[in-house]
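Below is one structure, written out as structure tokens; the observations come after it.
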Amino acid sequence: MKTYIAFLRGINVGGHHKVPMADLKTELQKLGFKNIITILNSGNIIFDYTDEEITTLEQITTTQLENTFGFPIPTIIRTVNTIQQLLKQNPFSAIEITKDSRLYISFLKTTVTTTLQFPWQSEDESYKILDYKNNTIISALDLSKSKTTKAMAILERSFGKDITTRNWNTLLRIEKQLK
């Protein structure tokens with residue numbers, strides 16, 4: 001058995017695409033997932049499964065959930081080791097954090113070539129993409145410079161729609177569950 005973390009895109013956001021966590025857990029158990037832990041209500045799942053190719057796991061999970069809930073639920077999966085390494089590196093350690101700071105990790109399903117040069121920042125300097133490597137984008141938003149941002153639109157335009165984003169605090173909550 002190996003431990004994985006699944007990130008589901010677009011569930012339970014703004015009252016749309018509702019997926020009760022108990023139902024989600026039941027569907028994942030049907031796939032043979034073990035020791036399932038859901039974190040928050042937005043599709044963050046720690047689970048154990050036999051050593052399997054991640055793309056295969058993503059596909060069977062996405063198919064099962066769409067068949068059950070009736071709408072697409074894109075799934076991006078990482079190994080626990082990948083997430084622990086990211087947390088250990090703390091890609092935000094050089095940033096001055098204020099009450100207006102929002103730190104984001106975006107996971108891509110596949111490698112994408114982009115023309116952006118890193119670090120990159122928006123014209124109003126409110127949004128910065130600090131780095132992109134290993135199908136992971138590290139970005140930060142400063143709400144003191146802009147209350148409205150097109151950050152997610154920038155990410156989708158630059159990297160495509162096979163992406164899901166989490167606040168750094170969500171990853172810290174996942175880390176607590178791994179201990």
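Derivation of every value follows stated rules applied to the coordinates shown; laboratory data play no part. Remember, predicted model here, so these are calculated numbers, not experimental data. Neighbour counts are summed over all protein chains in view; Cβ atoms, including those assigned to glycine, are modelled from backbone coordinates with ideal geometry.
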If each part is reduced to its alpha-carbon centroid, the stretch 1-43 and the stretch 110-179 end up apart, in Å, by 22 Å
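What is the calculated FRET efficiency for LEU87 to THR110, with r their C-beta to C-beta distance and R₀ = 30 Å, to the nearest 0.05?
Values: r = 23 Å, r/R0 = 0.76.
In this case the efficiency is close to 0.85.
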The orientation-averaged projected area of the Cα convex hull of the stretch 11-58, in nm², is 3.6 nm²
In units of 2.2 N^0.38 Å, the Cα radius of gyration of the stretch 39-131 is 1.35
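Can you compute the charge dipole magnitude of the stretch 139-179 about its Cα centre, using +1 on each Lys and Arg Cβ and -1 on each Asp and Glu Cβ, nothing else charged? Give it in debye, rounded to the nearest 20. If you can, show how the numbers build up before the last one.
Numbers: 9 positive and 4 negative charges, 27 e Å.
About 140 debye.
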In degrees rounded to 10, the 0-90 angle between helix 168-178 Cα long axis and the longest Cα principal axis of the chain is 40 degrees
In cubic angstrom per residue, the convex hull of the chain built on its Cα atoms measures 123 Å³
Of the candidates LEU86, ILE73, GLN121, the farthest towards the positive dipole end of the stretch 71-123 (Lys/Arg Cβ +1, Asp/Glu Cβ -1, centred on the Cα centre) is ILE73
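As a check on your grasp of the helix formula, calculate [θ] at 222 nm for the chain: sum -39500 (n - 2.57) over DSSP H runs of n ≥ 4, divide by the residue count, round to the nearest 500.
On the way: 5 runs with 56 residues, N = 179.
Mean residue ellipticity, 222 nm, calculated: -9500 deg cm²/dmol.
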Under a Gaussian network model of the chain whose springs join Cα atoms within less than 10 Å, the largest fluctuation of PHE47, PHE118, PHE92 belongs to PHE118
